[in-house]
Amino acid sequence: MIVKFFVDAWDPSYGVGNDATPTDPESSASVVADVEYEPKDWRPIAAPGSARPPDTVFFIDGVRRTDAHVTVLTESAGDQPGDLGICASYAAGVVRCAPAAASLVSLEARRGLFTAASKAESIVTSAGTYAACLSAPDPDQSPAQLLSQSIQRQLGQLEVAVAVAARAGNPVDPELLIVDGPLRGRDHLPMTLGFIKSHRTHYLPADLNAVVGQLSSGDRTPVFRIGTSWERHTWYLRLPCRPGAPWTGVVRVECSAQLPTDEVVALANLSQATLPSYASEEHKDPRAPQNLYPIAGLENQLRRRLGDRELLTRALRTAAA
(Lines give C-alpha, C1' and ligand atoms only; values in the text may rest on other atoms or scores of the structure.)
Protein backbone atom coordinates (compact mmCIF):
# COMPACT_ATOMS: atom_id res chain seq x y z
CA MET A 1 0.00 0.00 0.00
CA ILE A 2 1.31 3.45 -0.97
CA VAL A 3 1.22 5.75 2.06
CA LYS A 4 2.47 8.90 0.33
CA PHE A 5 4.13 9.90 -2.91
CA PHE A 6 5.64 13.02 -4.48
CA VAL A 7 5.93 14.05 -8.12
CA ASP A 8 9.48 15.05 -9.07
CA ALA A 9 9.60 18.59 -10.44
CA TRP A 10 12.27 17.60 -12.97
CA ASP A 11 11.19 17.01 -16.57
CA PRO A 12 11.58 13.21 -17.05
CA SER A 13 13.53 13.80 -20.29
CA TYR A 14 16.41 15.06 -18.13
CA GLY A 15 16.60 11.84 -16.15
CA VAL A 16 16.31 11.68 -12.38
CA GLY A 17 17.52 14.36 -9.99
CA ASN A 18 18.21 11.83 -7.21
CA ASP A 19 19.22 8.46 -8.65
CA ALA A 20 20.78 7.16 -5.43
CA THR A 21 18.69 5.07 -3.07
CA PRO A 22 19.18 3.76 0.48
CA THR A 23 19.47 0.24 -0.97
CA ASP A 24 22.47 1.12 -3.17
CA PRO A 25 25.81 -0.37 -2.14
CA GLU A 26 27.87 1.90 0.07
CA SER A 27 30.09 4.30 -1.79
CA SER A 28 33.73 3.29 -2.01
CA ALA A 29 34.73 6.90 -1.35
CA SER A 30 36.57 7.70 1.84
CA VAL A 31 34.54 10.08 4.01
CA VAL A 32 35.76 12.38 6.78
CA ALA A 33 32.64 13.65 8.54
CA ASP A 34 34.19 15.67 11.40
CA VAL A 35 35.56 18.59 9.36
CA GLU A 36 33.13 21.11 10.87
CA TYR A 37 31.18 19.11 13.48
CA GLU A 38 31.58 15.77 15.16
CA PRO A 39 29.14 13.26 13.63
CA LYS A 40 27.12 13.11 16.87
CA ASP A 41 26.49 16.86 16.57
CA TRP A 42 25.38 16.90 12.93
CA ARG A 43 22.24 18.96 12.30
CA PRO A 44 20.87 21.34 9.63
CA ILE A 45 22.74 24.66 9.59
CA ALA A 46 20.74 27.79 8.80
CA ALA A 47 22.32 30.59 6.81
CA PRO A 48 24.15 32.93 9.20
CA GLY A 49 22.77 36.43 9.24
CA SER A 50 26.23 37.88 8.80
CA ALA A 51 26.80 36.12 5.44
CA ARG A 52 26.29 38.37 2.44
CA PRO A 53 26.61 37.48 -1.23
CA PRO A 54 29.58 38.99 -3.08
CA ASP A 55 29.04 41.93 -5.43
CA THR A 56 30.14 39.82 -8.39
CA VAL A 57 29.42 36.16 -9.09
CA PHE A 58 30.77 34.29 -12.11
CA PHE A 59 29.05 31.17 -13.44
CA ILE A 60 30.96 28.83 -15.73
CA ASP A 61 29.64 25.98 -17.82
CA GLY A 62 30.66 23.86 -20.79
CA VAL A 63 28.79 21.76 -23.33
CA ARG A 64 29.89 19.04 -25.74
CA ARG A 65 28.30 17.33 -28.69
CA THR A 66 29.26 14.43 -30.95
CA ASP A 67 28.91 15.54 -34.57
CA ALA A 68 29.96 12.23 -36.13
CA HIS A 69 31.63 8.90 -35.47
CA VAL A 70 34.43 8.21 -37.92
CA THR A 71 36.85 5.42 -38.74
CA VAL A 72 40.44 6.61 -39.09
CA LEU A 73 42.63 4.70 -41.56
CA THR A 74 46.34 5.22 -42.19
CA GLU A 75 48.37 4.30 -45.26
CA SER A 76 49.88 1.31 -43.44
CA ALA A 77 46.53 0.03 -42.18
CA GLY A 78 46.09 -2.46 -45.03
CA ASP A 79 42.96 -4.53 -44.42
CA GLN A 80 42.79 -3.60 -40.73
CA PRO A 81 39.47 -2.15 -39.52
CA GLY A 82 40.99 1.17 -38.53
CA ASP A 83 40.66 3.22 -35.37
CA LEU A 84 37.50 4.69 -33.92
CA GLY A 85 37.30 8.47 -33.97
CA ILE A 86 34.82 11.03 -32.73
CA CYS A 87 34.34 14.41 -34.36
CA ALA A 88 33.04 16.60 -31.56
CA SER A 89 32.18 20.24 -30.96
CA TYR A 90 32.56 21.72 -27.49
CA ALA A 91 32.28 25.16 -25.93
CA ALA A 92 32.70 26.88 -22.58
CA GLY A 93 31.68 30.28 -21.31
CA VAL A 94 31.33 32.51 -18.28
CA VAL A 95 28.43 34.72 -17.17
CA ARG A 96 29.15 37.63 -14.82
CA CYS A 97 26.28 38.49 -12.48
CA ALA A 98 26.36 41.87 -10.73
CA PRO A 99 23.58 43.78 -8.94
CA ALA A 100 22.73 45.78 -12.06
CA ALA A 101 22.82 43.11 -14.76
CA ALA A 102 24.18 39.81 -16.02
CA SER A 103 26.54 39.69 -18.98
CA LEU A 104 28.40 37.09 -21.03
CA VAL A 105 32.07 37.92 -20.50
CA SER A 106 33.88 34.98 -22.05
CA LEU A 107 32.93 32.26 -24.53
CA GLU A 108 34.95 29.97 -26.77
CA ALA A 109 33.93 27.10 -29.05
CA ARG A 110 36.20 24.45 -30.56
CA ARG A 111 36.00 21.33 -32.70
CA GLY A 112 38.19 18.25 -32.44
CA LEU A 113 38.89 14.87 -33.97
CA PHE A 114 39.39 12.54 -31.00
CA THR A 115 41.12 9.26 -31.83
CA ALA A 116 43.86 6.86 -30.74
CA ALA A 117 45.20 6.67 -34.31
CA SER A 118 48.77 7.86 -33.84
CA LYS A 119 49.14 9.38 -37.32
CA ALA A 120 45.74 11.08 -37.53
CA GLU A 121 45.68 14.63 -38.83
CA SER A 122 43.19 17.44 -38.41
CA ILE A 123 40.11 17.32 -40.64
CA VAL A 124 39.50 20.50 -42.63
CA THR A 125 35.90 21.02 -43.76
CA SER A 126 33.94 23.87 -45.30
CA ALA A 127 32.29 24.41 -41.91
CA GLY A 128 35.45 24.43 -39.79
CA THR A 129 38.49 22.42 -38.79
CA TYR A 130 38.40 19.47 -36.42
CA ALA A 131 41.80 19.62 -34.73
CA ALA A 132 43.42 16.24 -34.15
CA CYS A 133 43.41 15.31 -30.45
CA LEU A 134 45.26 12.02 -30.03
CA SER A 135 44.75 9.63 -27.10
CA ALA A 136 47.08 6.86 -26.02
CA PRO A 137 45.39 3.43 -26.15
CA ASP A 138 44.35 2.01 -22.78
CA PRO A 139 43.68 -1.75 -22.46
CA ASP A 140 41.51 -1.13 -19.38
CA GLN A 141 39.03 1.03 -21.28
CA SER A 142 36.93 0.62 -24.37
CA PRO A 143 37.78 2.96 -27.27
CA ALA A 144 34.49 4.80 -26.78
CA GLN A 145 35.21 5.39 -23.06
CA LEU A 146 38.73 6.54 -23.81
CA LEU A 147 37.60 9.08 -26.40
CA SER A 148 34.73 10.35 -24.25
CA GLN A 149 37.18 11.05 -21.42
CA SER A 150 39.52 12.78 -23.87
CA ILE A 151 36.72 15.11 -24.96
CA GLN A 152 35.88 15.83 -21.33
CA ARG A 153 39.51 16.67 -20.54
CA GLN A 154 39.68 19.13 -23.41
CA LEU A 155 36.40 20.69 -22.32
CA GLY A 156 37.69 21.00 -18.73
CA GLN A 157 40.84 22.74 -19.93
CA LEU A 158 38.74 25.13 -22.00
CA GLU A 159 36.56 25.92 -18.99
CA VAL A 160 39.66 26.83 -16.97
CA ALA A 161 40.91 29.05 -19.81
CA VAL A 162 37.67 31.03 -20.12
CA ALA A 163 37.38 31.36 -16.32
CA VAL A 164 40.89 32.79 -16.05
CA ALA A 165 40.19 35.15 -18.96
CA ALA A 166 36.95 36.36 -17.37
CA ARG A 167 38.56 37.07 -14.02
CA ALA A 168 41.52 38.82 -15.63
CA GLY A 169 39.11 41.49 -16.82
CA ASN A 170 37.72 42.01 -13.31
CA PRO A 171 40.79 42.12 -11.03
CA VAL A 172 39.29 44.44 -8.40
CA ASP A 173 35.82 43.04 -7.82
CA PRO A 174 35.26 40.66 -4.91
CA GLU A 175 34.03 37.59 -6.71
CA LEU A 176 32.87 34.00 -6.49
CA LEU A 177 33.11 31.48 -9.31
CA ILE A 178 30.44 28.76 -9.59
CA VAL A 179 31.33 25.78 -11.78
CA ASP A 180 28.36 23.79 -13.06
CA GLY A 181 29.38 20.25 -12.14
CA PRO A 182 32.20 18.69 -10.12
CA LEU A 183 35.23 20.83 -9.39
CA ARG A 184 37.78 18.25 -10.52
CA GLY A 185 40.58 19.83 -12.54
CA ARG A 186 39.50 23.32 -11.48
CA ASP A 187 39.99 23.16 -7.72
CA HIS A 188 43.14 25.29 -8.01
CA LEU A 189 41.04 28.32 -9.02
CA PRO A 190 40.54 30.73 -6.07
CA MET A 191 37.08 31.37 -4.57
CA THR A 192 35.56 28.58 -6.67
CA LEU A 193 32.72 26.19 -5.91
CA GLY A 194 31.54 23.11 -7.78
CA PHE A 195 27.75 22.85 -8.10
CA ILE A 196 26.30 19.34 -8.51
CA LYS A 197 22.61 19.31 -9.44
CA SER A 198 21.83 15.59 -9.30
CA HIS A 199 22.88 12.67 -7.13
CA ARG A 200 24.14 9.26 -8.24
CA THR A 201 25.74 8.22 -4.94
CA HIS A 202 25.00 8.64 -1.25
CA TYR A 203 28.38 9.34 0.31
CA LEU A 204 27.29 9.60 3.94
CA PRO A 205 26.35 6.81 6.37
CA ALA A 206 22.62 6.44 6.98
CA ASP A 207 22.46 8.45 10.22
CA LEU A 208 24.21 11.47 8.70
CA ASN A 209 22.44 11.07 5.36
CA ALA A 210 19.16 11.52 7.26
CA VAL A 211 20.21 15.10 8.07
CA VAL A 212 19.92 15.96 4.36
CA GLY A 213 16.20 15.17 4.43
CA GLN A 214 15.77 17.47 7.44
CA LEU A 215 17.11 20.56 5.66
CA SER A 216 14.78 23.53 5.28
CA SER A 217 15.08 25.97 2.39
CA GLY A 218 18.51 27.64 2.58
CA ASP A 219 19.86 25.17 5.15
CA ARG A 220 23.00 23.11 4.59
CA THR A 221 24.66 20.13 6.18
CA PRO A 222 27.97 20.44 8.00
CA VAL A 223 31.03 20.28 5.77
CA PHE A 224 32.61 16.87 5.19
CA ARG A 225 35.44 15.61 2.99
CA ILE A 226 35.25 12.86 0.40
CA GLY A 227 38.00 11.12 -1.49
CA THR A 228 37.63 9.02 -4.63
CA SER A 229 40.26 9.44 -7.33
CA TRP A 230 40.57 12.97 -5.94
CA GLU A 231 39.66 14.75 -2.69
CA ARG A 232 37.37 17.70 -2.00
CA HIS A 233 35.39 19.35 0.77
CA THR A 234 31.65 19.23 0.24
CA TRP A 235 28.23 19.85 1.78
CA TYR A 236 24.55 19.53 0.84
CA LEU A 237 22.31 22.59 0.46
CA ARG A 238 18.56 22.83 -0.11
CA LEU A 239 17.46 25.50 -2.56
CA PRO A 240 14.07 27.26 -2.29
CA CYS A 241 11.34 24.92 -3.57
CA ARG A 242 7.86 23.70 -2.81
CA PRO A 243 7.59 20.89 -0.24
CA GLY A 244 8.29 17.46 -1.68
CA ALA A 245 10.36 14.33 -1.23
CA PRO A 246 13.22 14.42 1.32
CA TRP A 247 15.83 15.30 -1.34
CA THR A 248 13.73 17.76 -3.34
CA GLY A 249 15.76 20.85 -4.25
CA VAL A 250 18.97 19.48 -2.70
CA VAL A 251 22.29 20.17 -4.39
CA ARG A 252 25.82 19.26 -3.41
CA VAL A 253 28.46 22.00 -3.31
CA GLU A 254 32.20 21.34 -3.19
CA CYS A 255 35.48 23.22 -2.86
CA SER A 256 39.19 22.43 -2.77
CA ALA A 257 40.48 19.90 -0.25
CA GLN A 258 43.60 22.05 0.16
CA LEU A 259 41.78 24.93 1.89
CA PRO A 260 41.96 25.31 5.69
CA THR A 261 38.79 24.54 7.61
CA ASP A 262 37.91 28.15 8.44
CA GLU A 263 38.04 29.12 4.74
CA VAL A 264 35.94 26.11 3.79
CA VAL A 265 33.26 26.96 6.36
CA ALA A 266 33.27 30.58 5.14
CA LEU A 267 32.70 29.36 1.58
CA ALA A 268 29.90 27.07 2.77
CA ASN A 269 28.21 30.02 4.48
CA LEU A 270 28.75 32.12 1.36
CA SER A 271 27.06 29.46 -0.77
CA GLN A 272 23.98 29.74 1.46
CA ALA A 273 23.90 33.49 1.02
CA THR A 274 24.43 33.35 -2.75
CA LEU A 275 22.99 30.31 -4.51
CA PRO A 276 19.31 30.42 -3.38
CA SER A 277 18.75 33.76 -5.12
CA TYR A 278 19.65 32.18 -8.48
CA ALA A 279 17.45 29.08 -8.10
CA SER A 280 15.00 28.51 -10.93
CA GLU A 281 11.23 28.03 -10.66
CA GLU A 282 9.16 25.16 -12.01
CA HIS A 283 7.10 27.21 -14.46
CA LYS A 284 10.29 28.57 -16.06
CA ASP A 285 12.72 25.64 -16.01
CA PRO A 286 12.17 21.86 -16.30
CA ARG A 287 15.05 21.22 -13.87
CA ALA A 288 13.96 23.63 -11.17
CA PRO A 289 15.21 24.63 -8.70
CA GLN A 290 18.65 23.07 -9.26
CA ASN A 291 19.26 24.49 -12.73
CA LEU A 292 20.33 28.00 -11.77
CA TYR A 293 19.09 30.78 -14.07
CA PRO A 294 22.57 31.99 -15.14
CA ILE A 295 23.61 28.43 -15.98
CA ALA A 296 20.43 27.80 -18.00
CA GLY A 297 20.95 30.97 -20.03
CA LEU A 298 24.62 30.18 -20.58
CA GLU A 299 23.82 26.64 -21.76
CA ASN A 300 21.49 28.04 -24.43
CA GLN A 301 24.18 30.41 -25.68
CA LEU A 302 26.81 27.68 -25.75
CA ARG A 303 24.65 25.21 -27.66
CA ARG A 304 23.93 27.84 -30.30
CA ARG A 305 27.67 28.41 -30.70
CA LEU A 306 28.20 24.73 -31.47
CA GLY A 307 26.54 25.29 -34.84
CA ASP A 308 24.11 23.14 -36.81
CA ARG A 309 25.00 19.47 -36.46
CA GLU A 310 23.40 18.44 -39.76
CA LEU A 311 25.42 21.05 -41.63
CA LEU A 312 28.61 19.92 -39.89
CA THR A 313 27.92 16.26 -40.60
CA ARG A 314 27.38 17.03 -44.31
CA ALA A 315 30.64 19.00 -44.34
CA LEU A 316 32.47 16.03 -42.78
CA ARG A 317 31.05 13.62 -45.34
CA THR A 318 32.07 15.94 -48.16
CA ALA A 319 35.60 16.20 -46.72
CA ALA A 320 35.79 12.40 -46.39
CA ALA A 321 34.77 11.98 -50.04
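Annotations
- When segment 161-188 is limited to residues that are aliphatic (A, V, I, L, M) and surrounded by fewer than 18 Cβ atoms within 10 Å (Cβ to Cβ), the one that is modelled with the highest pLDDT turns out to be 161.
- So residue 249, is it touching a Cys at 6+ places or on another chain (Cβ under 8 Å) and either touching a residue at least 12 places away in the same chain (Cβ under 8 Å) or crowded, with 20+ Cβ neighbours inside 10 Å (or both): yes
- Test: residue in segment 195-213 that is aliphatic (A, V, I, L, M), open to solvent by less than 50 Å² (accessible area, probe 1.4 Å), modelled with pLDDT of 95 or more and over 18 Å from residue 44 (Cα atoms): yes
- Subset tally (residues that are assigned to a helix (DSSP H, G or I) and in contact with a Phe, Trp or Tyr (Cβ under 7 Å, 6 or more places away or on another chain)) for segment 133-157: 5
- Residue, nearest to residue 83 (Cα to Cα), within segment 93-108, restricted to residues that are surrounded by fewer than 19 Cβ atoms within 10 Å (Cβ to Cβ) and among the hydrophobic types (A, V, I, L, M, F, W, C): 107
- Filtered residue count, segment 38-54, keeping only those that are open to solvent by 60 Å² or more (accessible area, probe 1.4 Å), under 27 Å from the mean Cα position of the chain (by Cα) and farther than 22 Å from residue 247 by Cα: 2
- Some residue of segment 112-122 being among the charged types (D, E, K, R), in contact with a strand residue (DSSP E or B) (Cβ under 8 Å, 6 or more places away or on another chain) and crowded, with 17+ Cβ neighbours inside 10 Å: no
- Number of positions in segment 183-213 that are out of contact with any helix residue (DSSP H, G or I) (no Cβ under 9 Å at 6 or more places or on another chain), more than 21 Å from residue 241 (Cβ to Cβ) and part of a helix (DSSP H, G or I): 1
The values are calculated or read from the model by the stated rules, or taken from the named source; none is laboratory data. Computed from a predicted structure; not experimentally measured. As a convention, Cβ positions derive from the backbone with ideal geometry for all residues, glycine included, and neighbour counts pool all protein chains shown. For the accessible areas, the whole protein counts, side chains as well, though only heavy atoms, and no ligand, DNA or RNA atoms are used. Shrake-Rupley method; radii C 1.70, N 1.55, O 1.52, S 1.80 Å.
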